[in-house]
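The values are calculated or read from the model by the stated rules, or taken from the named source; none is laboratory data. Note that the coordinates shown come from a computational prediction; the quantities given were computed from them, not determined experimentally. No Cβ is skipped: glycine too gets one built from the backbone with ideal geometry, and neighbour counts run over all protein chains shown. Each accessible area value is taken on the protein alone, full model and side chains, heavy atoms only, with ligands, DNA and RNA left out. Shrake-Rupley method; radii C 1.70, N 1.55, O 1.52, S 1.80 Å.
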Amino acid sequence: MTNAAEIELASVSKHYGSNVAVDQISLKIKAGSYACLLGPSGCGKSTTLRMIAGHEAISDGDVVLARKVVNDLPPAKRGTAMMFQSYALFPHLDLVDNVAFSLKMKGVEKAKRRSEAMEMLTRMELEAFADRRPDQLSGGQQQRVALARALITQPQALLLDEPLSALDPFLKIRMRAELKRLQASLGMTFVHVTHSQEEAMALADQIVVMSDGKIEQAASPRQIFQKPATPFVARFMGNHNVLSGRLVQEDAIGVTIETPGGRFKGVGRHHGDPDCADIAIRTDHVRFVDAVADSLGFSGVVTNVEDLGATVKVSVQGADIDTFTIVLRDADFFARPVKTGEAVHLSWAEEDTVVLGHPNAS
Ligand code: ADP
Ligand code: MG
């Protein structure tokens with residue numbers, strides 16, 4: 001349908017007065033890939049997206065689309081289209097006119113713009129609703145209209161700001177699959193902002209985890225999940241426990257850190273300040289055992305048990321760690337159940353640990 005654009009941010013910043021919303025981020029998004037900007041509220045995701053779209057002036061750095069610096073181009077000249085969280089549909093126009101709106105702005109004559117809009121509505125399986133107004137549609141259908149309206153400009157990249165947040169959980173998962181299918185069939189670059197780890201994992205070729213205006217890690221979902229780069233990513237993705245201490249030993253395989261509650265091993269190299277050494281341990285690879293292995297486990301007390309169906313989540317306090325999370329498959333848990341208040345020994349394998357770093361430290 002159209003060429004996909006590579007997107008590059010080169011040390012891009014956004015300041016609002018003395019507030020730094022986006023702090024010198026550098027990033028490459030491959031042409032035709034699906035990227036998710038992921039992070040908690042206020043971390044700078046929407047600001048980054050709006051700077052790519054041209055709805056927000058950048059304070060410093062370069063936005064490069066299809067190898068062209070576009071810092072000074074208005075949104076309509078960038079080859080990008082944006083889909084907003086609220087969809088921003090025109091309530092008094094029918095679907096055809098909603099979808100055809102940007103063509104009208106470009107001066108495309110009526111018959112042509114209406115036939116193009118009909119074609120796009122058909123592609124979105126909305127042709128039967130063409131003469132309805134937005135309020136006569138379900139949330140999922142409204143979302144497809146918003147998509148049709150963005151896509152009719154034949155952008156090289158589609159920018160989506162929390163496109164699924166207005167939908168109920170069931171529809172959210174269905175529309176998520178539709179978005180991914182659409183992106184694959186168009187071969188277009190998609191940049192999708194979300195605060196949901198699950199959504200980013202499900203959709204992205206590349207996840208860009210942001211915190212406090214900075215990029216913590218940009219990598220494939222697998223990489224982010226298995227090898228979080230920083231304590232923030234490990235905690236935010238939720239599938240690792242983070243232990244912090246002081247580096248006391250380092251060899252070819254990994255490190256040993258000393259924490260207030262004991263020594264622990266981690267696989268990988270430590271960079272930076274030896275007094276700030278962090279390791280992460282997969283929550284789903286920890287086992288209850290009879291005796292703790294040296295530097296690969298500890299003894300504690302169960303503080304909470306949550307049966308989540310397919311898995312059971314157990315919280316343990318010990319070794320000066322407030323909450324250490326263990327996620328067991330239900331069969332494994334019920335083969336050896338534990339209850340709140342019970343004393344337990346925990347153990348894990350060295351390969352289920354990873355040494356963490358800090359953003360901007362290489
Ligand atoms: P996110 O989309 O990740 O929730 P935003 O990009 O909207 O975060 O905001 C990042 C930071 O910039 C926040 O601290 C927010 O308060 C601030 N911010 C966003 N827009 C403006 C604005 N127009 N004026 C001043 N501060 C803003
Ligand atoms: Mg936002």
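Quick look at the values:
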quantity	calculated
GNM flexibility winner over the chain from Val255, Val70, Val292 (Cα, springs under 10 Å)	Val292
For the range 228-356, radius of gyration divided by Kirkwood radius, i.e. Rg to Rh on alpha-carbons	0.97
Candidates Glu162, Glu199, Glu109: whichever shows maximal mean-square fluctuation once the chain is modelled as a Gaussian network with Cα springs under 10 Å	Glu109
Loop-located trypsin sites (Lys or Arg not before Pro) in the range 191-273, at most 16 other Cβ atoms within 10 Å (DSSP)	Arg269
Area accessible to solvent at His285, 1.4 Å probe radius, in Å²	70
Cα pair count fraction exceeding 22 Å, expressed as % - the range 1-157	48
Rounded tilt (10° steps) of 110-123 against the dominant C-alpha axis of the chain	30
Accessible-area order (highest first, 1.4 angstrom probe) of the listed residues Asp278, Asp322	Asp322, Asp278
5 angstrom amide H check on Thr303, placed H, neighbours 5+ away	Ser315, Val316, Gln317, Gly341
Within the accessible area of the chain (1.4 Å probe), percent carbon and sulfur	49
Cα-based Rg / Dmax (Å) for the chain	24.3, 78
Crossing angle, helix 169-186 versus the chain [Cα axis fit, 0-90 degrees, rounded to tens]	70
For the range 91-212, diffusion coefficient by Stokes-Einstein and Kirkwood Rh (Cα), 25 °C, 0.890 mPa s, µm²/s	161
Accessible surface, per residue, of the chain when the full set of protein chains is kept, probe 1.4 Å, Å²	47
Cross-link pairs Lys45/Lys104; Lys30/Lys68; Lys68/Lys214; Lys214/Lys265 - those with Cα-Cα distance over 21 Å	Lys45/Lys104; Lys68/Lys214; Lys214/Lys265
